[in-house]
Amino acid sequence: MQIFVINLDRNPVRWNRMANLLVGLNFRRIAAVDGKNLEGPEYNTPGRQICPEMLSRYNRACLLSHRMVCQEFLSGSDPYCCVLEDDVLISPDFPDFMNGIDWIPADAHAVKIETMGGSVWLAGKTIVCLNRVAKRLRSSHLGTAGYVVSRPGAQIILDLTIKPDRSIDRLLFEDDGLKKLRTYQLVPALCIQSSRSGEKMIIQELESTIQPKATISVPAPRKPAWNKIQRELSRPFRQLPGFPTWVARHCQGTRRHRVPFA
């Protein structure tokens, strides 16, 4: 399977690390779009994005880079490809999965091989994939550091990202995107971003280049105690809209699972 590694020209250390990790596999580099060369806001507006103009130039660069991968993939004839960002840690079992495609669920548009380390909602049906299992992803599971995509899936990604109003992981792997992009989760996951691995990797080159850290930290103003009381009193009512979804997931056999990296 062809592996595409997204890497900025100004990060040769990351590329060298990935090239060493992927020795013996069919991989190639895709030069990432650099957010420093784009116009637009430096930082994301807090909360969910509501229009393209509020998306930071770094998030737009990441999205454009993934679109480039999909376009390059579709220009060839392979049925599947693997997309990696250059700050991932990969499992020792990773080559076994990349050397074949028989393990991929037949109806999958995408298989998320990454984990963010938390719990997600997964369908009850289990598909054995070599020494792991795959389950349909039924809830948000952010991150685009590692996924396998089919040709129909790549076209769906291109369609979903024409007019982006959110970061690419929110467009693809939140509820709205999952209705169009049939996504499975591999359990345990084959890769994880270094920043979420729990390991103290003191490698400056692996720090995120999507959203730079703000140089000035402004503390949030303290809210009156009455605000906290109001928030707690209103909590049950704010949770009610999600209750039907919770019931539906349980009726469908969907359960929460922690997705480990191994």
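Label separation (residue 175 vs residue 233): 2.8 nm, computed from points 7 Å beyond Cα along the C-beta direction. Taking every protein chain into account, the 1.4 Å probe leaves residue 194 with about 10 Å² of accessible area, to the nearest ten.
Take 86, 78, 159 and sort them by solvent-accessible surface of the protein heavy atoms, 1.4 Å probe, largest at the top.
Values: 86 10, 78 65, 159 90 Å².
Ranked list, largest accessible area first: 159, 78, 86.
Largest accessible area first, the residues 174, 53 order themselves as 53, 174 under a 1.4 Å probe with ligands, DNA and RNA left out.
How much length is gained if the chain between residue 255 and residue 23 is pulled fully straight, taking 0.36 nm per residue apart and subtracting their Cα-Cα distance, in nm to one decimal?
Numbers: separation 232, 0.36 × 232 = 83.52 nm, distance 3.73 nm.
That pair, residue 255 and residue 23, stretches by 79.8 nm at full extension.
Largest first, the residues 126, 144 sort by 1.4 Å accessible area into 126, 144. Take the Cβ atoms of residue 51 and residue 16, set R0 to 41 Å, and the FRET efficiency comes out at 0.60.
The values are calculated or read from the model by the stated rules, or taken from the named source; none is laboratory data. Just so we're clear, the structure is a prediction, and the values are computed from it rather than from any experiment. Quick reminder, even Gly has a Cβ in these numbers, built from the backbone with ideal geometry, and neighbours come from all protein chains shown. The area values use the complete protein model at the heavy-atom level, side chains included, leaving out ligands, DNA and RNA. Shrake-Rupley method; radii C 1.70, N 1.55, O 1.52, S 1.80 Å.
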